[in-house]
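FYI, it's all coordinate maths here, none of it is from the lab. No experiment lies behind these values; they were computed from the predicted model shown. Ideal geometry is used to build each Cβ from the backbone, glycine not excepted, and the neighbour counts take in all protein chains shown.
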Amino acid sequence: MTIAIACYLLAYRIRFSGEALQVFLPYAVRTMPIVVIAQMAMLFVCGVYAAMTTWSAVQRILGATIGGSLAASALVWWIHGDTGVSRAALSADWLLFTCAIAGWRAGQALWQQRQADGAPLMIDRAAERPTLGGTIASLVQHRELVRNLVMKDLKLKYRGSVLGFMWSLVNPIVMITVYSIAFTYVIHTPVEGFVFFLLLGLLGWNFFSAAATMSTGAIIDSGNLMKSVAFPRAILPIATVIFTLTQYVLTVVVFVPVMLLLYRVAPSPPMLLYPVFLGLQVLFTIGVALILAAGTAFFRDIRHLLEIALSALFWLTPIVYPLSQVHEKLRPIILLSPVSPFIVAYQQIFFYRQWPPLTVWVVGLAYSLGFFLLGSWLFLSLEDQLAEQL
Amino acid sequence: MEPVIVAEHLSKRFILRHNRDGELKVRFLGLFHAHKRERREEFWALRDVSATIGHGEAVGVVGRNGSGKSTLLKLIAGLHRPTGGRLLVPRAARIGTMIELGVGFHGQLTGQENVYLNTSIHGLTRAETDAIYPAIVAYSGLEHFMDVPLKNYSSGMHMRLGFAIAAHLDPDILLIDEVFAVGDAEFQRQCMRTVAEFRGRGKTIFFVSHSPEAVRLICRRVLVLEHGELLFDGNVDEGLDFYARLLADPASSSHAATAHA
């Protein structure tokens, strides 16, 4: 109940950010009881409150929230007519509500799992199935392994080279120099402070593409380990994502303050959103990494397909050109390319110093949660075939 | 005696894939040429195996190559899922596996770094590793080499470090698969002493081996597997005699081989 009210208010807040609170508040308050009651009723009808397995929980939550939001919209329209009803706010409300309910249920399931631990003394290996809750719990238990795997990769990467970590800075510098020359002198892209703009997109893109490339080897290159030690396999791709994330954060920490100083950009409130969008990108990247890591165990072609897909995606993502330069009709397509919402958000908050628009929020949230859920589901359902595939 | 491992009509089927490239190419060509298609063949590594192992028992498992010994061990370890039957293991017990020594070692990392990486693969925290680290180093006898990258180790040193780590993980159930066979006599003696010590401390041991002497030294009970079926379960001396007769009897092996084919 509280969740529903909070989501609804938050949705209106996002939709009408910038406009005066007084304008929409009366509408929000007037329609709120209907929306909340409809959503609650639908949750009850779909049995979201009952105990169940992970997958059916996802289905039921989606069904309940979609149904609830649709019913709410219909009721609001029927009772109040068209005035003051914001479709965008309703859809944002649906998204927030779904996330909140899913998070709440997952937390509750995890808690129950913890309580139930040790209840039955014996487990049946034949009936054992990896569950999302169980995997998360054992990931927490194996956090030392995640840390060590990340440290191992960092050490291996930099040990024995004279410049060490500096190499990770050289690559973006060279890329930015090349693209800057090409786009300011050859193609004449009219963007003030193009280097800063380019840097934000390029670093964010490099994080994704490095993580995706590396994750294809996460499972198949650890054959021996998979055949002799039992641990949650999802650790391997997740550790590669955290490894590339570490490098990304280190380069951001070096470059972004330098750029802010160089272009005399004052810090502004939207920049506080950076961790939120980075978190979403990490979730999205983990989902993609899980899919690629498990998929490569079945089809080695994925490695080669990924290479091609990445080079196409690079140009479909507004990295070397601003989204505003894209033709109106093409803009939704560019924004819907999977990495775009995160890149656009970084550019918005650092370069344009604005709050990211609602569409970026919606697409970003949808991709990160969608890929994360799809990746986890796929990986967990394939997990015990992986050792036999190698 | 409280049971810790219960197998009921346990079976495991593997799918053997001939002509498998792991590539879409194979699937694509398979559409046109029957002989290029991936051929799948079922292989039953275990068939209807039932046994109950009690707390503190040391059980040896013998059998020819391909008889399903390692598969049974991997099922208990949770590396593969059984195809049929039930296999109960305690939820809370720590199951230690010695299937291959030094797996997950990395040549570029030093001995010390490898120890910390390896223990964390088995789920230990940093503090837990700190506590056993001196014992691991002392046991392996590699005090002077812990800061040297593992690529400079001899294969014997490699193995000693691997066993030292495995020996200090302190599991409740220890699953051992033929890991000592590769070492020299001195190494094997050290390993056998350690395993005997485990047994003395009341740990449950599941010991897969080709060596009757090693099994006799550690176990009082033995399981004999042949083509995935459990042929004998009982006293170690009788079991090893049974196994010796099985190996000596050409009729049984050829009979079994035709039955399998």
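Take the alpha-carbon centre of region A:229-287, take the same for region B:57-127, and report the distance between them in whole Å. First find each Cα centre; the distance between them is then 35 Å.
Using the average count of surrounding beta-carbon atoms within 10 Å as a protection proxy, the listed peptides A:67-75, A:214-222 rank, highest first, as A:214-222, A:67-75. Look at the stretch A:221-231: the mean tally of other chain Cβ atoms within 10 Å of its residues' Cβ atoms is 6.
The shape of chain B comes out oblate: with a ≥ b ≥ c from the C-alpha gyration tensor, a/c is at least 1.5 while a/b does not beat b/c. Considering only B:Arg40, B:Arg201, B:Arg216, the mean-square fluctuation computed in a Gaussian network model of chain B, springs between alpha carbons under 10 angstrom, is largest for B:Arg40. Helix content alone sets the calculated 222 nm mean residue ellipticity of chain B: runs of n ≥ 4 DSSP H residues at -39500 (n - 2.57) each, divided across all residues, give -12000 deg cm²/dmol.
Dividing the mean sequence gap of close Cα pairs (under 8 Å, 6+ apart) by how many residues chain B holds gives a relative contact order of 25 percent.
What full-extension length gain, to one decimal in nm, is calculated for A:Val162 and A:Asp221 as 0.36 nm per residue of separation minus the Cα-Cα distance? Working shown, then result.
Details: separation 59, 0.36 × 59 = 21.24 nm, distance 2.75 nm.
Taking A:Val162 through A:Asp221 to full extension adds about 18.5 nm, to one decimal.
Averaged over its residues, how many other protein chain Cβ atoms are within 10 Å of peptide B:121-128's Cβ atoms?
Numbers: counts 11, 5, 9, 3, 5, 4, 1, 1.
Mean inter-chain Cβ contacts per residue within 10 Å come to 5.
Ordering of B:80-89, B:123-132, A:162-171 by packing is B:80-89, B:123-132, A:162-171, highest average first (other Cβ atoms within 10 Å, averaged per residue). Derived scalar couplings between HN and Hα for region B:5-10 equal 10, 10, 10, 10, 6, 6 Hz in order, rounded to whole Hz, by the Karplus curve 6.51 cos²θ - 1.76 cosθ + 1.60 (θ = phi - 60°), x for Gly and Pro. Calculated FRET efficiency, A:Trp104 to A:Val265, Cβ-Cβ distance, R0 = 56 Å: about 0.90 to the nearest 0.05. Take the Cβ atoms of A:Val170 and A:Leu316, set R0 to 30 Å, and the FRET efficiency comes out at 0.65.
Within 10 Å of each Cβ in B:110-118, how many Cβ atoms from other chains are there, averaged over the peptide? Please report the intermediate quantities before stating the final value.
Numbers: counts 1, 0, 0, 4, 1, 0, 5, 7, 3.
Taking all residues of B:110-118 together, the mean is 2.
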